[in-house]
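The values are calculated or read from the model by the stated rules, or taken from the named source; none is laboratory data. Values in this document were obtained by computation on a predicted structure and should not be read as measured data. Cβ: placed from backbone, ideal geometry, glycine included. Neighbour counts: every protein chain shown. Note: areas computed on protein heavy atoms with side chains; ligands, DNA, RNA excluded. Shrake-Rupley method; radii C 1.70, N 1.55, O 1.52, S 1.80 Å.
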Amino acid sequence: MEHLLKETTLLNYNTPEIQSLIHSRAWRDLGEKERIRAVYNFIRDEIKFGYNKADDIAAVDVLRDGYGQCNTKGTLFMALLRAVGVPCRIHGFFVDKIIQKGTLNGFYYKQSPREILHSWVEIHYNGRWLNLEGFILDMDYLGGLQAKFKGCKGSFCGYAVATPDLQSPPVDWNECDTYIQKDGIIADLGVFDSPDELFGRYRQNVGWFKGFMFRYVVRYSMNRAVGRIRGC
């Protein structure tokens, strides 16, 4: 498991900001279960859900932003896990773009690729691998979404969610798998040792112009939509 604890270009956990965070939270002093839960809850709720400029940004940059989506929050999550001694890897997928419906609408939704690059983090715990995806949405955002669609008692797809039960999705970690977008998966890309490897092989299927528009225009609109839901 030693190779699944290594620092990489994206998992840059020896940066002063990340080491200072770990020290201030005293995560290394906790038992393994509580250590994982504390890091998981930090990523889920204190790193807010939102869209960064790109998928392949380093962990410390996600921490500086203070927000992220599946791929970027996952990078910071992995960096923190490895820094506190928890072996982890990344599992890549494509999900259907309908997941983004609601945060992305109109012309920009129509122009977005059908397949969106997605990932979750897998940890080695008690001799088995657990899938952790439920950290993507902070509870303020998820609570706002549940309030907005309080009449929905079953499955839901949209607004960065694809789950069989909107009102009670499996997003709390208690030595278990967690999910929030799993039902939107349309292709399995396999398991990788690091996000560097995943993003070195797969990228969002957009040209330079759409990529430019996302980075400088579209993601700000999406983040405003996320903010409106969080305020519900």
Checklist entry - Going by the alpha-carbon gyration tensor, a ≥ b ≥ c the square roots of its eigenvalues, is the range 109-164 rounded (a/c under 1.5) or, if a/c is not under 1.5, prolate (a/b greater than b/c) versus oblate? => result oblate
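Within the chain, which is the longest segment containing none of the trypsin sites (Lys or Arg not before Pro) that sit in a DSSP loop and have at most 16 other Cβ atoms within 10 Å? Before the final figure, lay out the partial values.
Numbers: sites that count: Lys6, Lys53, Arg114, Lys150, Lys153, Arg203.
Longest gap between qualifying sites, sites excluded: 54-113.
Cα convex hull of the range 140-194: mean projected area in nm², to one decimal?
Working: hull surface 20.2 nm².
Averaging across all directions leaves 5.0 nm² for the Cα convex hull.
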Item to check | Counting all C-alpha pairs of the range 23-121, share separated by more than 23 Å (%) | outcome: 32
Item to check | Net charge of neighbours whose Cβ lies under 13 Å from the Cβ of Leu117, counting Lys and Arg as +1 and Asp and Glu as -1 | outcome: -1
Checklist entry - In a shell of Cβ-Cβ distance under 10 Å around His91, excluding His91 itself, what net charge do Lys and Arg (+1) and Asp and Glu (-1) give? => result -2
Checklist outcome for this item: From most to least accessible, 1.4 Å probe, no ligand or DNA/RNA atoms counted, Tyr216, Tyr40, Tyr159 line up as Tyr216, Tyr159, Tyr40
Checklist entry - Under 19 Å from the Cα of Lys148, which lysines turn up, not counting those fewer than eight places away in the same chain? => result Lys48, Lys101
Next on the checklist: What percent of all Cα-Cα pairs in the range 76-141 falls into each 5 Å bin, going from 0 up to the bin containing the maximum distance?
Outcome noted: 3, 14, 19, 19, 16, 13, 8, 5, 2, 0
Checklist entry - What share of the DSSP beta bridges in the range 108-232 is antiparallel, in percent to the nearest 5? => result 90
Checklist entry - Which whole-Hz ³J(HN,Hα) couplings does the range 190-204 yield from phi under the Karplus relation 6.51 cos²θ - 1.76 cosθ + 1.60, θ = phi - 60°, glycine and proline marked x? => result x, 9, 10, 5, 8, x, 4, 6, 4, 6, x, 9, 10, 9, 4
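Using square roots of five times the C-alpha gyration tensor eigenvalues, list the equivalent-ellipsoid semi-axes of the range 1-47 in whole Å, biggest first. Each step should come with its number before you reach the end.
Working: eigenvalues 64, 41, 26 Å².
Sorted largest first and rounded, they come to 18, 14, 11 Å.
Just the number, please: percent antiparallel of the DSSP beta bridges in the chain, rounded to the nearest 5. Kindly include the intermediate steps, with their values, before the conclusion.
Values: 23 of 27 bridges.
Counting only bridges with both partners in the chain, antiparallel ones make up about 85 percent.
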Checklist entry - If you project the alpha carbons of the range 174-221 onto their three principal axes, what span does each projection cover, largest first, in Å? => result 41, 25, 20
Checklist entry - Counting Lys +1, Arg +1, Asp -1, Glu -1, what net charge surrounds Ala59 among other residues with beta carbon under 12 Å of its beta carbon? => result -3
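Scaled to the compact-protein estimate 2.2 N^0.38 Å, what is the alpha-carbon radius of gyration of the range 9-79, rounded to two decimal places? Display every interim value, and only then the final one.
Details: Rg = 11.6 Å, N = 71, 2.2 N^0.38 = 11.1 Å.
After normalising by residue count via 2.2 N^0.38 Å, the value is 1.04.
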Next on the checklist: If I take R0 = 35 Å and measure r between the Cβ atoms of Glu34 and Glu2 in this structure, what FRET efficiency does the formula 1/(1 + (r/R0)^6) give, to the nearest 0.05?
Outcome noted: 0.90
Checklist entry - Between Tyr109 and Ala147, what is the spin-label point distance in nm, taking each point 7 Å from the Cα along the Cα→C-beta axis? => result 2.3
Checklist outcome for this item: For the range 75-210, the Debye formula with one identical point scatterer on each Cα and no solvent gives log10 I(q)/I(0) at q = 0.20 Å⁻¹ as -1.27
Item to check | Debye equation applied to the C-alpha atoms of the chain, log10 I(q)/I(0) at 0.11, 0.15, 0.18 Å⁻¹ | outcome: -0.51, -0.99, -1.45
